[in-house]
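Peer 1: Shown below is the structure under consideration.
The values are calculated or read from the model by the stated rules, or taken from the named source; none is laboratory data. Fair warning: this is a prediction, and the values are worked out from it, not measured in the lab. Positions of Cβ are generated from backbone atoms using ideal geometry, with glycine treated the same way; all protein chains shown enter the neighbour counts.
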């Protein structure tokens, strides 16, 4: 039996929390009911339809696992596919939806904000209402942090929204005070900041300009994540907002130990410039930063995985994710081989419950 067949026919009961499920992005017709008359007309006359933020070709193997790709003539809805392929198949307790939608990257912050609000309302109505195991990130436009904070305030009473969603590469490093209204609102309501792989298409995805090939863009995403972690620490975000947790989604994992070591080493020589950073940056990362397990860029020898976890210095930094429907693993191999038994339960469930307080609430 092939791995792809195994993934559809076998089943497991993980009692886990999947921290990265991608709903099918909305179309214009999906969002029109949630827009006021002015923005309905704007979306129609400007022919704004599917604003997919996918940064690689839709037919690339990375885009969708073969057994998760809709088949011609299959009338199964996107929600029912998520139920069948992920929630039911893996026996999940919860799944967190991260909707990557082009409204987050629009230059017109007013239009982008209106589309983000409509997207959130669409997610609540068409995904969260019919499926109690689903939770969602709040989609916001970072072009207007004050409006983004207002959107967090608007949705905060709906406890099914458990995270604020940002992209790894945007206009400015996320630690800048420009973005602090977002962090203030998130902390007020106990909601982490999720930073997902992707770009607002403002700048080249590498420090040396635009690359030629997908492999360069895809692998180089870790540079964007590293820059954001550096910015959040150096700018004093975790000092100003000590309750903030940041989840790096689709960042990979194995680059983090070297960043921890490098920043902690260099900080000792230049910390007079950032006197508010009073503890080694590695300690700050262990306390405030989490990473999803998909993709898990583990070495081929399972014996080496324990060394990576030892270099992280924490078994609380990793959160389980399938990255549905992207192809990050075969069959039911949701976690890398060689993971110590003691860490499995924490990664599958306990770390997420600590990271997302709303998932611990009675009746969730």
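Peer 1: Please verify whether the stretch 58-78 includes one or more residues that are farther than 24 Å from residue 134 by Cα, assigned to a helix (DSSP H, G or I) and modelled with pLDDT of 90 or more.
Peer 2: Within the stretch 58-78, none of the residues are farther than 24 Å from residue 134 by Cα, assigned to a helix (DSSP H, G or I) and modelled with pLDDT of 90 or more.
Peer 1: I'd like to check something: does the stretch 32-47 contain any residue that is more than 21 Å from the chain's Cα centre (by Cα), in a loop (DSSP other than H, G, I, E, B) and modelled with pLDDT of 90 or more?
Peer 2: Yes, the conditions are met somewhere in the stretch 32-47.
Peer 1: Give all pairs with beta carbons closer than 6 Å in which a residue from the stretch 286-314 that is farther than 25 Å from residue 21 by Cα meets a residue that is in a loop (DSSP other than H, G, I, E, B) and modelled with pLDDT of 90 or more; count only pairs at least 6 apart in sequence or on separate chains.
Peer 2: From the stretch 286-314, the pairs are 308/254.
So that you can scan it fast, the table gives a plain yes or no per residue for (1) more than 24 Å from residue 45 (Cβ to Cβ); (2) surrounded by fewer than 22 Cβ atoms within 10 Å (Cβ to Cβ); (3) at pLDDT below 95; (4) in contact with a helix residue (DSSP H, G or I) (Cβ under 9 Å, 6 or more places away or on another chain):
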{"site": "98", "(1), (2), (3), (4)": "yes, no, no, no"}
{"site": "101", "(1), (2), (3), (4)": "no, no, yes, yes"}
{"site": "119", "(1), (2), (3), (4)": "no, no, no, yes"}
{"site": "125", "(1), (2), (3), (4)": "yes, yes, no, yes"}
{"site": "128", "(1), (2), (3), (4)": "yes, yes, no, no"}
{"site": "134", "(1), (2), (3), (4)": "yes, no, no, yes"}
{"site": "140", "(1), (2), (3), (4)": "yes, no, no, yes"}
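Peer 1: Given the conditions (1) modelled with pLDDT of 90 or more; (2) exposed (fewer than 14 other Cβ atoms within 10 Å of the Cβ), which single one is not true for residue 302?
Peer 2: Of the numbered conditions (1) modelled with pLDDT of 90 or more; (2) exposed (fewer than 14 other Cβ atoms within 10 Å of the Cβ), the odd one out for residue 302 is (1).
Peer 1: Only one of 142, 115, 174, 167 is in contact (Cβ under 8 Å) with a residue 12 or more places away in the chain, part of a helix (DSSP H, G or I) and either in contact with a strand residue (DSSP E or B) (Cβ under 9 Å, 6 or more places away or on another chain) or farther than 28 Å from residue 274 by Cα (or both). Can you tell me which?
Peer 2: Selected residue: 115, the only one of 142, 115, 174, 167 that is in contact (Cβ under 8 Å) with a residue 12 or more places away in the chain, part of a helix (DSSP H, G or I) and either in contact with a strand residue (DSSP E or B) (Cβ under 9 Å, 6 or more places away or on another chain) or farther than 28 Å from residue 274 by Cα (or both).
Peer 1: What's the number of the only condition in (1) in a helix (DSSP H, G or I); (2) in contact with a strand residue (DSSP E or B) (Cβ under 9 Å, 6 or more places away or on another chain); (3) within 30 Å of residue 176 (Cα to Cα) that residue 85 fails to meet?
Peer 2: (3)
Peer 1: Is it the case that residue 53 is within 17 Å of the chain's Cα centre (by Cα) and farther than 19 Å from residue 149 by Cα?
Peer 2: In short, yes.
Peer 1: Could I ask something else about it? Out of all the residues in the stretch 336-364, which are in contact with a helix residue (DSSP H, G or I) (Cβ under 8 Å, 6 or more places away or on another chain) and either at pLDDT 90 or above or outside any loop (DSSP other than H, G, I, E, B) (or both)?
Peer 2: Within the stretch 336-364, 343, 352, 353, 359, 360 meet the criteria.
Peer 1: While we're on this one: Does any residue of the stretch 347-359 turn out to be surrounded by fewer than 20 Cβ atoms within 10 Å (Cβ to Cβ) and over 25 Å from residue 187 (Cβ atoms)?
Peer 2: No, that holds for no residue.
Peer 1: Does residue 233 satisfy the criteria of being over 20 Å from residue 283 (Cβ atoms) and touching a helix residue (DSSP H, G or I) at 6+ places or on another chain (Cβ under 6 Å)?
Peer 2: No: the conditions fail for residue 233.
Peer 1: For residue 321, work out the one condition from (1) at pLDDT below 95; (2) touching a strand residue (DSSP E or B) at 6+ places or on another chain (Cβ under 9 Å); (3) closer than 16 Å to residue 297 by Cα it doesn't fulfil.
Peer 2: Tallying (1) at pLDDT below 95; (2) touching a strand residue (DSSP E or B) at 6+ places or on another chain (Cβ under 9 Å); (3) closer than 16 Å to residue 297 by Cα, residue 321 fails exactly one: (1).
Peer 1: Just checking, does the stretch 182-190 include any residue being within 20 Å of the chain's Cα centre (by Cα) and modelled with pLDDT under 95?
Peer 2: no
Peer 1: Of the conditions (1) crowded, with 17+ Cβ neighbours inside 10 Å; (2) more than 18 Å from the chain's Cα centre (by Cα); (3) within 21 Å of residue 322 (Cβ to Cβ), residue 167 satisfies every one except a single condition; which number is it?
Peer 2: Against the list (1) crowded, with 17+ Cβ neighbours inside 10 Å; (2) more than 18 Å from the chain's Cα centre (by Cα); (3) within 21 Å of residue 322 (Cβ to Cβ), residue 167 comes up short only on (2).
Peer 1: Going through the stretch 151-164 one residue at a time, which ones are farther than 15 Å from residue 119 by Cα and assigned to a helix (DSSP H, G or I)?
Peer 2: Scanning the stretch 151-164 gives a single hit, 153.
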